[in-house]
1. Among residues belonging to the range 205-251 that are assigned to a strand (DSSP E or B) and in contact with an Asp or Glu (Cβ under 7 Å, 6 or more places away or on another chain), point out the one that is nearest to the ligand (Cβ to nearest atom).
2. Within the range 76-127, track down each residue that is loosely packed, with under 14 Cβ neighbours inside 10 Å and in contact (Cβ under 8 Å) with a residue 40 or more places away in the chain.
3. Would you check which residues across the range 41-58 are part of a loop (DSSP other than H, G, I, E, B), of a type outside the set (A, V, I, L, M, F, W, C), under 16 Å from the mean Cα position of the chain (by Cα) and within 14 Å of THR83 (Cα to Cα) and list them?
4. Go through the range 94-112 and count every residue that is over 16 Å from ILE197 (Cα atoms), touching a strand residue (DSSP E or B) at 6+ places or on another chain (Cβ under 7 Å) and at pLDDT 95 or above.
5. Within the range 55-63, can one find any residue that is more than 15 Å from the ligand (Cβ to nearest atom), of a type in the set (A, V, I, L, M) and in contact with a helix residue (DSSP H, G or I) (Cβ under 8 Å, 6 or more places away or on another chain)?
6. Write out, first by first residue and then by second, each pair whose Cβ atoms fall under 8 Å of each other, whose residues are 6+ apart or on separate chains, and whose first residue, in the range 13-36, is over 15 Å from ASP62 (Cβ atoms) and in a loop (DSSP other than H, G, I, E, B) while the second is at pLDDT below 95 and away from the ligand (no atom under 11 Å from the Cβ).
7. Do you know which of the residues in the range 155-176 that are part of a helix (DSSP H, G or I), within 16 Å of the ligand (Cβ to nearest atom) and among the hydrophobic types (A, V, I, L, M, F, W, C) is nearest to GLU218 (Cα to Cα)?
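The values are calculated or read from the model by the stated rules, or taken from the named source; none is laboratory data. These numbers were taken from a predicted model, which means no experiment stands behind them. Because the Cβ atoms are built from the backbone with ideal geometry, glycine has one as well, and the counts that use them run over all protein chains shown.
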Amino acid sequence: MSKSRSGLRALRLGVNIDHVATLRNARGGIHPDPLRAAHLSIEGGADGITAHLREDRRHISDTDITRLKTELTRPLNLEMAATEEMLGIALRHVPNACCLVPERREERTTEGGLDVIGSLKTLKPYVAQLKDAGIRVSLFIEPDLKTIEASAKAGADIVELHTGKYCHLALDNDAVGVAREIERHRKAAAAAHGHGIEVHAGHGLTYNTVGPIARIPEVVELNIGHFLIGEAIFGGLSSAVRRMRQLMDDARAELGAHA
Ligand code: PXP
């Protein structure tokens with residue numbers, strides 16, 4: 001695991017480009033192009049690109065995944081449901097990482113984490129086959145200690161902590177709820193790290209909410225999409241990514257100053 005000069009684990013930024021495809025698909029054409037967005041994100045400081053190939057193909061398409069895999073200069077993190085169809089696609093493309101997420105057709109976005117405890121038996125063979133192909137496997141989970149234990153049993157390399165609830169509470173200015181959620185993330189990150197599992201986090205993060213998550217020392221990657229793509233409308237994608245990158249680095253430096 002890479003460490004910065006201060007000795008702290010470096011914090012990577014994965015930019016999720018799904019909503020560039022949402023906008024493109026609204027008119028059924030080729031503009032705006034998610035691959036161009038990926039290149040601009042990298043120019044702005046993204047360490048990797050994340051894309052979710054949904055069963056209903058509502059945003060990212062199969063062709064997008066092919067183009068991203070062949071043309072990207074940084075690692076691709078493929079978000080997908082644990083299904084036979086998606087497993088076949090992942091094994092064909094061999095992205096750097098696969099993040100297994102729960103998926104329901106009617107949801108607007110990935111609402112809640114994977115039920116790793118309840119679906120341990122089903123998940124295990126997916127994790128094993130992806131790992132055998134040299135793909136790092138991440139499970140998108142709530143920051144819950146029992147779910148972390150189950151993730152270790154599933155053989156996950158990584159857990160991505162679902163920050164959605166924290167971000168909602170922050171939007172509602174619920175300071176007590178925010179403090180409780182940050183504490184849950186802290187404990188979950190430490191527990192996962194103790195199991196030898198790499199810790200990522202994401203969902204709903206903005207300029208205002210990224211700091212407390214970036215200050216959790218075990219977290220080594222954040223995946224951020226919707227907010228950055230929205231901000232890109234006002235000031236461009238590279239500059240939105242650059243600002244997010246700066247806020248992450250500032251939070252990390254603060255952590256170093258208090259270490
Ligand atoms: N991580 C995972 C696993 C996700 O499913 C998503 C949403 O696609 C994100 C991160 C990014 O969330 P947001 O678009 O709210 O930043």
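1. The initial filter retains those residues of the range 205-251 that are assigned to a strand (DSSP E or B), namely 219-224.
Filter once more, keeping what is in contact with an Asp or Glu (Cβ under 7 Å, 6 or more places away or on another chain): 220, 223.
Working: VAL220: 14, ASN223: 4 Å.
So the residue we want is ASN223.
2. Once the filter is applied, which keeps residues that are loosely packed, with under 14 Cβ neighbours inside 10 Å and in contact (Cβ under 8 Å) with a residue 40 or more places away in the chain, the range 76-127 yields ARG105, THR109, GLU111, THR122.
3. ARG54
4. Total meeting the criteria: 3.
5. Step one: list which residues in the range 55-63 are more than 15 Å from the ligand (Cβ to nearest atom), which gives 61-63.
Filter once more, keeping what is of a type in the set (A, V, I, L, M): none.
Within the range 55-63, none of the residues are more than 15 Å from the ligand (Cβ to nearest atom), of a type in the set (A, V, I, L, M) and in contact with a helix residue (DSSP H, G or I) (Cβ under 8 Å, 6 or more places away or on another chain).
6. From residues that are over 15 Å from ASP62 (Cβ atoms) and in a loop (DSSP other than H, G, I, E, B), there are no pairs.
7. So in the range 155-176, the residues part of a helix (DSSP H, G or I) come out as 164-171, 175-176.
Narrowing further to those that are within 16 Å of the ligand (Cβ to nearest atom): 164-171.
If we keep only those that are among the hydrophobic types (A, V, I, L, M, F, W, C) too, we end up with 167, 169-171.
Working: CYS167: 19, LEU169: 23, ALA170: 22, LEU171: 25 Å.
This residue is CYS167.
To keep it simple, each residue is scored yes or no on (1) closer than 30 Å to GLU43 by Cα; (2) at pLDDT 95 or above; (3) hydroxyl-bearing (Ser, Thr, Tyr); (4) touching a strand residue (DSSP E or B) at 6+ places or on another chain (Cβ under 8 Å).
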{"residue": "GLU142", "(1), (2), (3), (4)": "no, yes, no, yes"}
{"residue": "ALA170", "(1), (2), (3), (4)": "yes, yes, no, no"}
{"residue": "LYS187", "(1), (2), (3), (4)": "no, yes, no, no"}
{"residue": "GLY196", "(1), (2), (3), (4)": "no, yes, no, no"}
{"residue": "ARG215", "(1), (2), (3), (4)": "yes, yes, no, no"}
{"residue": "PHE227", "(1), (2), (3), (4)": "yes, yes, no, no"}
